[in-house]
Amino acid sequence: MAKKTVTVFRGDGIGPEITDAVIRILNAAGADLDYEIYNVGEAEYEAHGALIPEEAFASMERNHVLLKSPITTPVGRGFRSLNVFLRKKYDLYANIRPAKSNHAVKTPFQGVDIVIFRENTEDLYVGVEEQIDQDTIHATKIITRGASRRICRDAFEYARAHGRKKVTCVHKANILKMSDGLFRDVFYEISAGYPDIEADDKIVDNVSMQMVMNPWQFDVMVMPNLYGDMLSDLASGLIGGLGLLPSSNLGENYAMFEAVHGSAPDIAGKGIANPTAFLWSACMMLEYLGQMECAARIRRSVDRVLEEGAFNTPDIGGTATTEEYVNEIIRLL
Ligand code: NAI
């Protein structure tokens, strides 16, 4: 079989460091991949006048699979989020974020195993804001039946395929009766096709408390875009932080794999970023491409290094650099 070519965006902040680390590991593990690697983001804009070069889009459209490292989005000024843009452009509607405890990473919450399905194309992220007068801004929240249906369906399909017991819908339909009300109604319509899987719903503020008090009650969770954004960071806190939470963004024709965390400007260039979330995202990509054995080999090696503890990065309590951590993963492959 021909090697699969994937497109890679190196991003900015810690993006380039963790991209180079992950490509080294993929190569060492014998991933059957070729890479088309592009610099994207603010530095690329300053150097060549485009946040994402045309060739990078063309590559994505040729290969249909993108491994994307984080990109900085300035707050309250400048360009809109490239992440939101990419998810919309390629209709990557299902953002899947598995938050699973690793017994080697010490947190007060062992045994957490939650998979968040975040709707990725609408809600407040349509980015429609309007100045009504000098002191008033309106932001538009969009929820459609079609988008709600496909993300809820995917959550139930995933639950069934992975032997999961329950899907929880998260919403704020007590206040947003029409928009979140629609999401919740669609969730229960879809759930009727999956009598083997328990379906329940909870209000987002209550869920925020329950995830901290008793995260073990949650299994698969499905929600509109904004709640998914927030609760997945919360979920990362349960399992040891953002350095450990991977994701896939799937649509009908394209797939993008990225860490949940951002470009971490506070540690960029220091050589201490934890590449695990991005590496596990790459493992999700390998599994998506059917390269199960290679993904499993990498996962086993990471587990052993985390277990050893001597090569952990500072965000999870260690003192190692990214390079030392990566060298040890490669040594144990
Ligand atoms: P962030 O996720 O970049 O960082 C939050 C905190 O977690 C920081 O203290 C950071 O040092 C730490 N952290 C994150 N990833 C880490 C890693 N791999 N290893 C060790 N520590 C890590 O969130 P922040 O600071 O709010 O956002 C920075 C920029 O990233 C913003 O411009 C934001 O818009 C962008 N962003 C991009 C995303 C993407 O490209 N998918 C996702 C989230 C944010």
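Using the Kyte-Doolittle scale, which helices in the chain average at least -1.0 and also have C-alpha atoms spread 15 Å or more along the helix axis, with helices defined as whole DSSP H runs?
15-28, 145-161, 179-191, 225-239, 276-288, 292-308, 322-332
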Legend entry - For the stretch 108-239, diffusion coefficient by Stokes-Einstein and Kirkwood Rh (Cα), 37 °C, 0.692 mPa s, µm²/s: 214 µm²/s
Inset, instruction - Quick one: among R299, R164, R62, which has the greatest mean-square fluctuation in a GNM of the chain with alpha-carbon springs under 10 angstrom? - result: R62
Inset, instruction - Apply 1/(1 + (r/R0)^6) to the Cβ-Cβ distance of D303 and E130, taking R0 = 45 Å, and write down the FRET efficiency to the nearest 0.05. - result: 0.35
Legend entry - Electrostatic dipole magnitude of the chain [Cβ: Lys, Arg +1; Asp, Glu -1; Cα centre; debye, to 20]: 760 debye
Inset, instruction - With unit charges on the beta carbon (Lys/Arg positive, Asp/Glu negative), name the residue among I143, M230, V186 whose Cα is farthest towards the positive pole of the charge dipole of the stretch 108-239. - result: V186
Inset, instruction - Could you tell me the convex hull volume per residue, in Å³, taken over the Cα atoms of the stretch 138-189? - result: 80 Å³
Inset, instruction - Counting helices only, and only those DSSP H runs with n ≥ 4, report the 222 nm mean residue ellipticity of the chain as the sum of -39,500 (n - 2.57) divided by its residues, in deg cm²/dmol to the nearest 500. - result: -12500 deg cm²/dmol
Legend entry - Order by protection proxy (mean Cβ within 10 Å, highest first), peptides 191-198, 304-311, 93-100: 93-100, 304-311, 191-198
Inset, instruction - For a quick protection proxy, order the peptides 254-264, 226-236, 272-282, 111-121 by their average other-Cβ count within 10 Å, most packed first. - result: 272-282, 254-264, 111-121, 226-236
Legend entry - Scattering profile of the chain at q = 0.12, 0.13, 0.15 Å⁻¹ [log10 I(q)/I(0), Debye over alpha-carbon scatterers]: -0.86, -1.02, -1.34
Legend entry - Residue among Q131, A273, A2 farthest towards the positive dipole end of the chain, charges placed on Cβ: A2
Legend entry - Set of aspartates and glutamates near K3 by C-alpha distance (under 16 Å), chain-local residues within fewer than 8 positions excluded: D32, D34, E36, E287, E293
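Among DSSP bridges having both ends in the chain, what percentage is antiparallel? Round to the nearest 5.
Close to 45 percent.
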Legend entry - Members of K88/K202; K177/K202; K106/K172; K89/K141 lying beyond 25 Å, as alpha-carbon distances in this model show: K88/K202; K106/K172
Legend entry - Cβ-placed point charges (K, R +1; D, E -1), dipole of the stretch 108-239 about Cα centre in debye, nearest 20: 500 debye
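Read-outs throughout are calculated quantities, based only on the coordinates presented, and are distinct from any laboratory measurement. Keep in mind that what you see is a predicted model, and the values were worked out from it rather than measured. All Cβ positions, even for glycine, are placed from backbone atoms using ideal geometry, and neighbour counts span all protein chains on display.
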